[in-house]
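The values are calculated or read from the model by the stated rules, or taken from the named source; none is laboratory data. These figures come from a predicted structure and were not determined experimentally. Because the Cβ atoms are built from the backbone with ideal geometry, glycine has one as well, and the counts that use them run over all protein chains shown. Accessible surface is based on the protein model in full, side chains and every heavy atom, while ligands, DNA and RNA are left aside. Shrake-Rupley method; radii C 1.70, N 1.55, O 1.52, S 1.80 Å.
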Amino acid sequence: MIDIKFIKQRQNLLLGFTLLIVLFVVIAILEQVLPRTSMLFTVLKKGAIYALVAVSMNLLNGFTGLFSLGQAGFMLIGAYTYAIFTIPVAQRASVYQYFEGGLIQFTLPVVVSMILAGLVAALFAFFIGLPVLRLKSDYLAIATLGFAEIIRALFQWDKFGVITNGSNLLRKYEVFKSCLFPFAVSGVCIAIIVLLINSTYGRVFKAIRDDEIAAEAMGINLAHHKRLAFVISSFFAGVSGALLAMFQTTIQAKQFTSAMTYEILLIVVIGGMGSITGSCISSFLFIACSEWWLRFLDRTIQIGSFTVPLLRPGFRKVVFSVAIMCIVLFYQKGIMGEKEFSVAGIINYLKRIKSKIIKNKKHVVIDK
């Protein structure tokens, strides 16, 4: 007997990989045509990083139903882990100038450091999750947000300066020079999350989200699977933190404020809680609007003797906030809701367009 659902999943995965390959080719061509300083590449790189961390947060909030606000803390751990282990030994004395060159006196390869960044974040998540995941709803959110703030304070503490460099910048570590690298890493990580969601573990996560009591009655170990989702989400948040460190070229703990977590949560809500496609689309839209498209609103424009009103530094954020409010009001489930970009969805969309065209033609004929 043919499993129709399995065939559809394979079609959707094939479509996703095909689109990813096409995207790689387009980016490779753009890098040869446009200057490296173009804002387009900034948006693409940062959008890819935020897409990964938004999907990792969606795995926890949207698919498992755990309201966590500790993503910035896990990104901080990942960013610092990556930076610490990729600073060349010859440069450590100049970076750790107040701490005698620091404690770590060896360098790891980039890929190994990125995996280690995810593992360290996951290890922190495991120990934090033991007491914290007993809480529910708003209490869990407050506890994880408090953890992120504590981690940020500890990483700036001079007592840990031999490892974290205290409140000073970490710099001179390896960074990426092409847009393809963050896209490749984010693409692989998101593909792994998609496979996880479509597996038996993903179905268990959704069952916990929908009804914990019913899930426990079916024999699901709630504590184990909640901890598993928390650790996996934190691993990918740590990897995205490593990518962000590469993007920014310098890292300091005070950059990872609670506002960063709220931005990621906003991306997830705009895209749709429970939609991987929505998180990816909204990440690029969010970064493009905040970093590029609305930049002109911060400049004073003079037309002859007339000055365009309201346009001044900071006005971009006002317009951006209003746009977000409109999206939340008119798309309460987000852009995609719980839907995904699929072959069936494309076919249905094309059918709707075709039916509209046929109806319009009929109306034209009748009017004549």
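Key figures
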read-out	value
Computed lengthening from CYS326 to LYS254, 0.36 nm per intervening residue step minus Cα-Cα distance	22.8 nm
Relative contact order [Cα under 8 Å, 6+ residues apart], the chain, whole percent	27 percent
Amide proton proximity set for PHE67, modelled H, under 5 Å, gap of 5+	SER137
Inter-part distance where the stretch 38-93 and the stretch 258-286 are each reduced to a Cα centre, Å	14 Å
Subset of LYS206/LYS254; LYS159/LYS254; LYS206/LYS333; LYS45/LYS172 violating a 25 Å alpha-carbon distance limit	LYS206/LYS254
Estimated vicinal HN-Hα couplings, Hz - the stretch 118-125 in sequence order (Karplus 6.51, -1.76, 1.60; Gly, Pro = x)	x, 5, 5, 4, 5, 5, 4, 4
Among ALA323, ALA245, ALA51: highest mean-square fluctuation, GNM of the chain, C-alpha pairs under 10 Å	ALA323
Accessible-area composition of the chain, carbon plus sulfur, in percent [1.4 Å probe]	68 percent
Stretch gain in nm, segment LEU23-LYS339, where the contour uses 0.36 nm per residue and the Cα spacing is subtracted	111.6 nm
Distance (nanometres) between label positions extended 7 Å along Cα→Cβ at ALA217 and LYS136	1.5 nm
Virtual paramagnetic centre 7 Å along Cα→Cβ of SER178, amide N under 15 Å, in the stretch 31-51	31-34, 36, 45
Heavy-atom surface of the chain, accessible at 1.4 Å and reported per residue (Å²)	54 Å²
For the chain, Kirkwood radius (reciprocal of mean inverse C-alpha pair distance, Å)	22.5 Å
Per-residue [θ]222 nm for the chain (sum of -39500 (n - 2.57) over DSSP H runs n ≥ 4, rounded to 500)	-22500 deg cm²/dmol
